[in-house]
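Q: Once you've had a glance at the structure underneath, I'll fire off some questions.
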Amino acid sequence: MDFLSVALYVLSWIMTLIFLRAGLVKVTSRLFSKDHKETRQEFAQYANVCPTVLFGITLSPDGYMFLVGVIETLASILLLVPYTDLHTWMYLVFCVMLALSIYTHDVLEQYFKMVYDICLFLTFIVLYKVGPIALTNQENDLE
């Protein structure tokens, strides 16, 4: 295994754990009750500027938070499965979600949070684009 493969593997696990926790915070209050309460207050703002509002679909803050949490949790769990082509799709799911989050923070003028999401977005772009290349190179090295 070369350095790039190991680095991408570790980066993928770190991102998976970050989003698994973030998803669980949004889905249930039993694991992280304080964080769940704070997130619930934030989603009261987010629901008003949610990108679906542009299409005339208004979500309740709790429903919106739960939907985002379920998507984050399921995508993270699928990333825990040993490397498959499914990972590429989950990286893309996270890219879309983060792009929508960047939009939301921009509308609310929460620039610090937007910078954080941009960094996460760029990380998933790297994983999306470079991950399959590193895996292909690793398979070629084994032959």
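Q: Quickly run through region 75-85 and pick out the residues that are part of a helix (DSSP H, G or I) and touching a residue at least 40 places away in the same chain (Cβ under 8 Å). It would help to see each step written out before you state the result.
A: Just the residues of region 75-85 that are part of a helix (DSSP H, G or I), to begin with: 75-80.
Across region 75-85, the qualifying residues are ALA75, SER76, ILE77, LEU79, LEU80.
Q: Moving to a separate point now. With the checklist (1) hydrophobic (A, V, I, L, M, F, W, C); (2) in contact with a helix residue (DSSP H, G or I) (Cβ under 9 Å, 6 or more places away or on another chain); (3) outside any helix (DSSP H, G or I) in hand, flag the one item VAL68 doesn't pass.
A: (3)
Q: Same structure, new question: Go through GLU38, GLU42 for me and flag whichever is in a helix (DSSP H, G or I) and under 18 Å from VAL107 (Cα atoms).
A: Working: GLU38 fails: under 18 Å from VAL107 (Cα atoms).
Exactly one residue qualifies, and that residue is GLU42.
Q: Any residue in region 94-111 that is touching a residue at least 24 places away in the same chain (Cβ under 8 Å) and farther than 12 Å from ALA75 by Cβ sitting within a Cβ distance under 7 Å of a residue that is surrounded by fewer than 16 Cβ atoms within 10 Å (Cβ to Cβ) and of a type in the set (A, V, I, L, M)? List the pairs, counting only those 6 or more apart or interchain.
A: From region 94-111, the pairs are THR104/VAL49; VAL107/VAL49; LEU108/VAL49.
Q: Mind listing just one residue for me: the one in region 46-60 that is part of a helix (DSSP H, G or I) and of a type outside the set (A, V, I, L, M) and, of those, surrounded by the fewest Cβ atoms within 10 Å (Cβ to Cβ)? First the steps, then the outcome.
A: Going through region 46-60, the residues part of a helix (DSSP H, G or I) turn out to be 46-49, 51-55.
Filter once more, keeping what is of a type outside the set (A, V, I, L, M): 46, 48, 51-52, 55.
Working: TYR46: 21, ASN48: 15, PRO51: 13, THR52: 13, PHE55: 8.
Looking at the filtered set, the residue picked out is PHE55.
Q: Kindly check whether there is at least one residue in region 89-104 that is out of contact with any strand residue (DSSP E or B) (no Cβ under 8 Å at 6 or more places or on another chain), at pLDDT below 90 and more than 14 Å from PHE19 (Cβ to Cβ).
A: Yes, region 89-104 has at least one match.
Q: Continuing with this model, one more query. Is there any pair with a first residue in region 23-39 that is within 18 Å of LEU74 (Cβ to Cβ) and exposed (fewer than 12 other Cβ atoms within 10 Å of the Cβ) and a second that is among the charged types (D, E, K, R) and modelled with pLDDT of 90 or more whose Cβ atoms are under 9 Å apart and which are 6 or more apart or on different chains, and what are they?
A: LEU31/ARG21
The values are calculated or read from the model by the stated rules, or taken from the named source; none is laboratory data. All values reported here derive from a predicted model rather than from experimental measurement. Cβ sites come from the backbone with ideal geometry, for glycine too, and all protein chains shown count toward neighbours.
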